[in-house]
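I have placed the structure first, in the form of structure tokens, so that the comments after it can refer back to it.
The values are calculated or read from the model by the stated rules, or taken from the named source; none is laboratory data. Here the structure is a predicted model, which means the values were calculated and not measured. Here the Cβ positions follow ideal geometry from the backbone for every residue, glycine too, while neighbour counts run over all protein chains shown. Only protein heavy atoms, including side chains, enter the accessible area calculation; ligands, DNA and RNA are left aside. Shrake-Rupley method; radii C 1.70, N 1.55, O 1.52, S 1.80 Å.
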Amino acid sequence: MKTIKFSVDASLLQELGERLIGQPHIALAEMVKNSYDADATVCTLTFASDSIEIVDNGHGMAFDDFKRFWMRVGTTHKVDERRSRKYKRPFTGSKGLGRLAAQFLADEMTIETRPVDARGIEANLNWAKVARGRDLISVEVPWSPLAQSATFADGSKVGTRIVLRRLKGEWTSTELRALGNELWRLRSPFGRETQVGSRDPGFSIEVDAPEVADARKTFDAGLERVFSNWRARITGSIESGMTERVATVSVEFKAGYGASRAQTFSQSFKLPLRGGKIVNLDKVKFQILVFNLKGRQTAGLQVGELREYLEEYGNVALYDGGFRLPYYGSGRNDVTGQDWLGLAADQGRRITVSELLPAKLRVADRYMLDLPAPGRIFGAVEVDTGHERQAGEANARAPGSWLEIQPGRDRLRDNPAFQQLRDFVRYSVDFYANRYRYRTESQAELMRDKEPPSAKQNRALETIQRHAAQMPPVVFKTITREVSEAVDASRRQEENLDRRAALLAPLASAGMLALSLNHELVRESRILNQLARAIRELSQSFEDERLAKLAEQLTDVRHRLRSIQDVFGPLLEDRDLQAGERLKVRAVVLELTRAMRPLLPGVEFLVSKDEDDLRFPLGSLAEWNAIIQNALTNAWDAMLSSQERKVHFLLAQKGRQASLTVSDTGVGLGVGIDEANRRFFEPFEREMKTDAGRRSIAFGGQGLGLSIVRMIATRRSAEVAFVDPLDGYSTSLQISWRS
Amino acid sequence: MKVLLCDDKEQELPRRADLLRKGWEASGGGDLHITELGPKGNALAGALQALFSSATDAVGGKAPGKTTFDDYDLVVIDNNLSELELQGARHTAETICGWVRALSSSRYIVALDRSLVDFDLEYLVGDPTSLADLSIRSEHLALSGLWQRASTGAEFRPSYWPDLRESPVRRKHQIEKLKAALDKPILSFLDFPAEAASKLSRAAIATLSPKVELPDEDHAKQIENLTFRSYFVEAARSIPAPSDREALAARDDIVIRVVASEIEAWLRREILAPQDVLVDLPHLLDRMPFLLAEGAPELARWNAAVTSVAAPFGLNTTLYDDHLAKWLRPGDDWIARPTFWWPSVAADEKLSEAYFDIPDTTAGDYYYCEDVSAFVGVGGKDDAQPSEFSMRSDTPWNRRYVVRLEHYAYAPRSQFAL
């Protein structure tokens, strides 16, 4: 059989470009990403009237690379290699799109490129000449060796220069802004840095577009919107520290962060922080921005984008005379430098009180738990080792005790001055954590101190009455009536709330006492155990059955005590108080009936075996426990005079609607279901009266149980209501939710 | 066995001593000397004052003197020491056991009654925040299971309990071996294979070194190279203040005692509890019941494998020789029971295929119950079924079972509903 080969039309490139890229700013961004992926530290974009030049100082290509990667459509070496060669940057460019991008943007392209240890090349591509209908593999691209004198970005001998001519579209501030938004993630916030060792010095993009007004500013807007999202700003400075010993820190909070109003706290103090009088630092200045990586950010920034960016560049950097010392707060490669302030370590240890702050700043709670992680802050500390040396000499400090650069030039010598610097910066972060907690606590106080709505409305009423003369009588009358009604309604509500609080507060205190008594029960239970053992031993010595029985009874009492402790179980464990997961309904019901059984003797519990995997909405075990416990104690009170005492738990799911129905064989609601639903969930509303003879064994009776049940259910997006009783039962209470 | 029993309440000392004696006798007895150290004559308060001034000496570079806690196999401390006549903050077992460990030649520290919980459903280690080698309720002292590995299958014996009879001896050996190894990498010293570092969970790495960053490609390398001494400087368990740790880092005797205890605790909590890097026999059988071959229907064979210490541990000899023998980590002073490198076992395709060669239906319906350290069958009285819970761990093997013995507290109970 004969064979035939595929051929590819040259216009395919054009079509691919349009389909895969679509927009000019994405096309140009792809080309810049290629520079980033080639480990360039700078990429310069120059826009002229009909051309764009993209120059970098990346790896460059030898002829073979050019042939293999650039001249072959669909080459995907980036899929195989996940990170760049030198700085191990994760690849950002898409598969082979750079070439298509060039064609998408312009009709002509010149590429000059030179790698290390090989000759460079220069090639010209004229897409206009690639006629439709011509086979792609027959298109010839002229190339020649690159002149020795050619240099690239930053005067580098290696790199790539691409010049696009005869542009297909116009570049205005709109496109530049879009380009800035596309590329900000790649850009180091530190600008251009000196390079030390194999550490990634970052990537900067420079834009030169004389024909576009405010080009640089427009392009940078993408990066700047990141920093506009700070929630707190920490600043600190020392001037003439060696003589004056005074340092100042200040923390500025934006409104809505920790508390509703904006606020600034400042403090001056004497150095050194850990005692002694000799200060080895003279001049320091720093600023640290704190971000909130939860919730909405401004300027349309996605919280995930911000998080990723700060993971890469966050933390506190150190500059000496304007040059960044890459060891501090840098990337992920050097762990010690990364956490030079010990923030991550202290967060991990969950320390609660600062080693550095004075005791007078003690706020009630454990403020250091608000210490920000390095991935949530961005900051820069400025020192000048030249100045420090001069100041040190002038103030007769011991040589080597002032700030000095280590021979490797990437970090400072770990000497007393550096330790004082670290303490000073760390003090400011601890001060932030302390003030943040203070703000959240004050906010809580503020909320509590708010005057009741009826008082405010009353003031409004008085104002209206004072200005009665200026109002038409009908308007005055109508407004007065409406506001008076509002005052009455608010008063009723407040009274209700007061009654609820009057009862809830002592009940809550009793609850807390019960929890602490629970611990005491252990001691009592031990004594019972000792007694039981002693009596059992006596029964054996005297061979007396009565003593053995007594010992058995004591053991039973002890076990009953243990069961009572069990009822409090979910309130004693942090994990059971946290709403971290959606809990299985059946397991929760089984847990609770197990704990309550000894307190509800003679009650038969039936738990349906259907819907074994049904889960409550997100909520804690303690919350679901409280709901079911209330339902059970109501059921118990209702069944005190019943012959048959049964409680049935029915789990059901219909479509996305899930429910748990608790039914009992008690005396019933005593009113219709609608009325019960209208009244019984209000505080202090109860219909059922326990007869005097059984009151001593009834639970509750305060008329708060069901309103608590509804309160918890509503908080957890569930509904609770009485429904038609199941066959064979007199009352059914249903908790329902969307699963 | 020499035991020092410490309590701030004189009347509690004989009661606890009785409980301890009862457990000791029930598990085989032998020489047992209990010394009681209580409030009488200010004995315990004086001993603690001397311990704290030794600590100040040690941190200040002076040689610490002998302590009252020296030379005991076991130091058992009541957690609540609030009635002691000591100036300053009230003390608990937690506030002192780091220094007892660092400064005395006692071997194993047990704290009593810090919590009301009998069984830890969350981390399967007991009291995960305690600094003692073991934190239990005083009633547990009377249980034979605390003093031996063997389990009756009916009595309370959490799978995570060490054998207290053996633990002080093992600690002695750990300390001896560490003398020449403080600057050696931890993982290779513990015979972890080269690739183990990359298999450790985030929690396991973070506990060893909070400074190792994730997810960095180099983190495995950093953990692989982490030495006992650098662990000591970074870890905040026994001696919480970093400046104290730095001051003590050159004192080999102190570093050794601290790291021996803490690395054992790390192994128990981060390696043995999740069973994702090393798997012990019961959990291996849970995953691969066919390893028992023709023995799979018999409960007794399952439980024989749990306590067996010699290869092939009651497993099918051919399957063991061909697929498991090479991944065995024999029991030693650090991990008493035999275990296997799970990632390697799991990667053995032939073994995985054996799932299908040997029908699972022949295996009995048995569950390894962590509260009695034994396999238990479904059925019996009231058709009893072990209670399933989900421990808190990233491991895919977090579904576990307990018999749920009456009168014992299991917490946190939300683990049953996950």
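Key figures
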| read-out | value |
| --- | --- |
| Probe 1.4 Å, accessible area per residue of the protein assembly as shown, Å² | 47 Å² |
| Spatial separation of Cα centroids for the stretch A:260-281 and the stretch B:49-65, in angstrom | 33 Å |
| Long pairs among A:283/B:62; A:254/A:294; B:2/B:40; A:270/A:360, criterion Cα-Cα beyond 26 Å | A:283/B:62 |
| Contact order normalised by residue count of chain B, Cα under 8 Å, 6+ apart, percent | 15 percent |
| Amide hydrogen neighbours beyond the local backbone of residue A:665, cut-off 5 Å, H modeled | A:646, A:730 |
| Degrees separating the helix A:453-466 axis from the principal Cα axis of chain A, which is the longest one | 80 degrees |
| The stretch A:408-548 - Debye-derived log10 I(q)/I(0), Cα point model, q = 0.10, 0.15, 0.17 Å⁻¹ | -0.78, -1.00, -1.08 |
| Extension gain (nm, one decimal) between residue A:69 and residue A:564, 0.36 nm per residue minus Cα-Cα | 170.7 nm |
| The stretch B:86-204: mean projected area of Cα convex hull, nm² | 10.4 nm² |
| Size-normalised alpha-carbon gyration radius of chain B, reference 2.2 N^0.38 Å | 1.01 |
| Chain A - percent relative contact order, Cα under 8 Å, separation 6 or more | 7 percent |
| Under the span-like rule (Cα at least 18 Å along the axis, Kyte-Doolittle mean at least -1.0), DSSP H helices of chain B | B:43-59, B:252-266 |
| Spacing of the two label points (7 Å from each Cα toward its C-beta) at residue B:325 and residue A:349, in nm | 4.9 nm |
| With Cα atoms, 0 to 90° folded angle of helix A:173-183 axis to chain A main axis | 70 degrees |
| Size of the A/B contact, given as accessible area buried on both chains, probe 1.4 Å, in Å² | 3300 Å² |
| Förster radius 60 Å - calculated FRET efficiency between residue A:577 and residue A:409, Cβ distance, rounded to 0.05 | 0.70 |
| Alpha-carbon spread of the protein assembly as shown, three principal axes, descending order, Å | 114, 98, 95 |
| Violating pairs (Cα-Cα greater than 29 angstrom) within the set A:88/A:157; A:584/B:199; A:33/A:67 | A:584/B:199 |
| Alpha carbon centroid spacing (whole Å) that separates the stretch A:593-654 from the stretch B:241-279 | 46 Å |
| With every protein chain in place, the protein assembly as shown: carbon and sulfur % of accessible area (1.4 Å) | 51 percent |
| The stretch A:90-189: trypsin sites (Lys or Arg not before Pro) falling in loop per DSSP and having at most 12 other Cβ within 10 Å | A:119, A:132 |
| Nearest-ten-degree value, helix A:215-227 long axis tilted from longest Cα axis of chain A | 30 degrees |
| Base-10 log of normalised Debye intensity for the stretch A:234-309 (one unit scatterer per alpha-carbon) at q = 0.17 Å⁻¹ | -0.77 |
| Overall Cα dimensions of the stretch B:211-329 - principal axes, largest extent first, Å | 59, 32, 20 |
